[in-house]
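Chemist: What follows is a single structure, and I will ask about it in a moment.
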Amino acid sequence: MSETTTKDESTATSETETASSAEEATTSEEEQDEADEEENSQETVPVREYSEEEKDAVQQEFLEWAIPRAEEGNMAVTDKYFEHGASGLGDWFAETEDGEIQLQQQLPEEELPGYDAYEIHSLGGVAFYVSSSGVTGYDEAPKEAATAQGFTEVADSDYPIHKYVLGDNGVVYELIGDVDEIGGFPSGYGLYDDDGKTKAIDPEYTFKVSDDADAQEEWRQILQSHQ
């Protein structure tokens with residue numbers, strides 16, 4: 001009788017400990033989920049339409065952060081991340097992991113396909129590269145380069161180019177490639193045709209969400225300060 005009682009008590013204790021452990025594990029998972037949700041909430045940037053003046057301001061703030069960052073990495077940086085010559089009338093855009101991002105609406109009064117056709121819009125961008133002339137930090141050379149020439153004369157072809165596009169959703173998108181792949185100023189981007197439906201230029205590459213955590217944090221903070 002005594003042994004049976006002891007075994008029963010032992011079983012009950014074991015079951016209680018197991019239930020307690022399960023409850024603690026569940027609580028821990030819930031707390032982690034809440035922490036993740038809070039972190040994601042903090043990282044969310046409200047999407048809104050920006051004026052041209054606001055775009056210039058946030059672009060400049062990011063560039064000012066990028067210049068010393070480039071110097072530390074012995075790289076050059078420019079805000080001439082995108083430019084094109086003569087083209088059709090449709091919107092220029094980039095393909096990203098999150099869908100198309102509008103770069104330029106050439107005819108603001110026309111929907112080709114227009115602002116509302118995109119969930120993400122570019123507020124600016126930069127390009128990082130190793131300068132062929134040894135420049136570190138901000139490089140004036142791309143401003144003087146012809147569109148057809150692109151980065152071919154200013155970037156060391158032994159190193160990749162990093163094109164950053166700054167989304168109004170608070171995300172930095174990045175395209176990494178060789179000079180011969182994305183060295184042109186319009187390289188890596190797409191263009192809608194004059195009907196705003198078909199594509200005159202289909203992008204060959206997809207911009208990824210950048211792994212540059214510092215850039216992501218900086219860009220979020222810049223946009224949050226302008227809300």
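Chemist: What list of ³J(HN,Hα) couplings, whole Hz, do you get for the range 190-203 from phi and the Karplus terms 6.51, -1.76, 1.60, once you set θ to phi - 60° and write x for glycine and proline?
Modeler: For the range 190-203, the Karplus-derived couplings read x, 9, 7, 6, 5, 7, x, 10, 8, 10, 6, 10, 9, x Hz, x marking Gly and Pro.
Chemist: Taking only protein heavy atoms and a 1.4 Å probe, what accessible area per residue, in Å², does the range 62-151 have with all protein chains in place?
Modeler: Values: 4030 Å² over 90 residues.
With the other protein chains kept in place, the range 62-151 gives 45 Å² per residue.
Chemist: A further question on this structure: For TYR138, which sequence-distant residues (separation of 5 or more, or a different chain) have an amide H within less than 5 Å of its own amide H, given hydrogens modelled in the peptide plane?
Modeler: VAL77
Chemist: Something else: So, R0 is 22 Å and r is the distance between the beta-carbons of ASP56 and LYS208; what FRET efficiency does that work out to, to 0.05?
Modeler: Numbers: r = 26 Å, r/R0 = 1.18.
It comes to 0.25.
Chemist: In terms of the Cα gyration tensor, with a ≥ b ≥ c the square roots of its eigenvalues, is the range 95-227 rounded because a/c is under 1.5, prolate because a/b exceeds b/c, or oblate?
Modeler: Numbers: a/c = 1.90, a/b = 1.26, b/c = 1.51.
Since a/c reaches 1.5 but b/c is at least a/b, the shape of the range 95-227 is classed as oblate.
Chemist: Oh, and also: Which ³J(HN,Hα) values in Hz, rounded to whole numbers, follow from the phi angles of the range 156-173 under the Karplus curve 6.51 cos²θ - 1.76 cosθ + 1.60, where θ = phi - 60° and Gly and Pro get x?
Modeler: 6, 5, 7, 10, x, 9, 10, 9, 9, 10, 9, x, 6, 8, x, 10, 9, 9
Chemist: What are the ³J(HN,Hα) values, in whole Hz, obtained from phi via the Karplus relation 6.51 cos²θ - 1.76 cosθ + 1.60 with θ = phi - 60°, for each residue of the range 83-91 in sequence order, with x given for Gly and Pro?
Modeler: 6, 9, x, 4, 8, x, 9, x, 6
Chemist: When the chain is fully extended, how far beyond the present Cα-Cα distance does ASP178 get from GLU111, taking 0.36 nm per residue of separation? Spell out each step's value before the answer.
Modeler: Details: separation 67, 0.36 × 67 = 24.12 nm, distance 3.38 nm.
Gain on stretching ASP178 to GLU111: 20.7 nm.
Chemist: Further question on the same structure: Let me make sure I get this right: for the range 144-198, a, b and c are the square roots of the gyration tensor eigenvalues over alpha carbons, sorted descending. Under 1.5 in a/c it's rounded, otherwise prolate if a/b > b/c, else oblate. Which is it?
Modeler: On the way: a/c = 2.35, a/b = 1.35, b/c = 1.74.
Oblate shape, in that a/c is at least 1.5 and b/c is the bigger or equal ratio.
The values are calculated or read from the model by the stated rules, or taken from the named source; none is laboratory data. If you're wondering where the values come from, they're calculated on a predicted model, not measured in any experiment. Quick reminder, even Gly has a Cβ in these numbers, built from the backbone with ideal geometry, and neighbours come from all protein chains shown. Note: accessible area is taken over every heavy atom of the protein model, side chains too, but ligands, DNA and RNA are not part of it. Shrake-Rupley method; radii C 1.70, N 1.55, O 1.52, S 1.80 Å.
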